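Participant: This is the structure, below, for whatever I ask next.
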Amino acid sequence: QVQVVESGGGLVQPGGSLRLSCAASGIIFRINAMGWYRQAPGKQRELVAAITSGGSTNYADSVKGRFTISRDNAKNTVYLQMNSLKPEDTAVYYCKAEILVATDRYVYPYWGQGTQVTVSS
């Protein structure tokens, strides 16, 4: 019924930039918060940045000033602009969207399949 698909990952040198995109599709009535999480090898998944439907944002301390989250509600899409990338940003990045499907009564979290970001020289 609902798909959440990320794109934009890849290999980048330290100090470089990448832009991730995440689009939700299906019979969507409403999307509440959307967010980006990441999981590095041997570590737990952590919140990177989140944005509400009204545009309020919050960031992990480790990415403040370097990453910017934004969304296009008309396209059911969330973006993550990542600048000044560091090797410690290397991880699989996952998108999460809190979605009310048109045929449901409740909002549920939907996750994408993840996209690899590797920061290395």
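Participant: Residues that are at pLDDT 95 or above, of a type in the set (A, V, I, L, M) and more than 13 Å from the chain's Cα centre (by Cα): does the range 80-94 have at least one?
Facilitator: Yes, some residue in the range 80-94 is at pLDDT 95 or above, of a type in the set (A, V, I, L, M) and more than 13 Å from the chain's Cα centre (by Cα).
Participant: Applying the selection to the range 93-113, what residues are basic (Lys, Arg) and open to solvent by less than 80 Å² (accessible area, probe 1.4 Å)?
Facilitator: LYS96
Participant: How many residues are free of Cβ contacts under 8 Å to residues at least 60 places away in the same chain and aromatic (Phe, Trp, Tyr) when one looks only at the range 94-121?
Facilitator: Looking only at that region, the number is 2.
Participant: Out of the range 60-92, which residues are of a type in the set (A, V, I, L, M, F, W, C) and either out of contact with any strand residue (DSSP E or B) (no Cβ under 7 Å at 6 or more places or on another chain) or surrounded by 19 or more Cβ atoms within 10 Å (Cβ to Cβ) (or both)?
Facilitator: Within the range 60-92, VAL63, PHE67, ILE69, ALA74, VAL78, LEU80, MET82, LEU85, ALA91 qualify.
Participant: Quick check on the range 1-38: of everything there that is assigned to a loop (DSSP other than H, G, I, E, B) and either touching a Pro at 6+ places or on another chain (Cβ under 7 Å) or not β-branched (Val, Ile, Thr) (or both), which residue is most open to solvent (accessible area, probe 1.4 Å)?
Facilitator: That would be GLN1.
Participant: For the range 63-82, name all the residues that are in contact (Cβ under 8 Å) with a residue 40 or more places away in the chain and more than 15 Å from GLY9 (Cβ to Cβ).
Facilitator: Selection gives ASN73, LYS75, ASN76, THR77.
Participant: Has the range 16-24 got any residue that is touching a Cys at 6+ places or on another chain (Cβ under 6 Å) and either of a type outside the set (S, T, N, Q) or under 30 Å from SER121 (Cβ atoms) (or both)?
Facilitator: For the range 16-24, residues touching a Cys at 6+ places or on another chain (Cβ under 6 Å) and either of a type outside the set (S, T, N, Q) or under 30 Å from SER121 (Cβ atoms) (or both): present.
Participant: Related question: Please go through the range 68-103 and give me each residue that is among the basic types (Lys, Arg) and assigned to a strand (DSSP E or B), ordered by number.
Facilitator: Answer for the range 68-103, where residues must be among the basic types (Lys, Arg) and assigned to a strand (DSSP E or B): ARG71, LYS96.
Participant: Of all residues in the range 39-59, count the ones that are part of a strand (DSSP E or B) and open to solvent by 30 Å² or more (accessible area, probe 1.4 Å).
Facilitator: 6
The values are calculated or read from the model by the stated rules, or taken from the named source; none is laboratory data. Note that the structure is predicted; figures quoted are calculated from it, not measured. Because the Cβ atoms are built from the backbone with ideal geometry, glycine has one as well, and the counts that use them run over all protein chains shown. Ligands, DNA and RNA are excluded from the accessible area calculation, which covers all protein heavy atoms including side chains. Shrake-Rupley method; radii C 1.70, N 1.55, O 1.52, S 1.80 Å.
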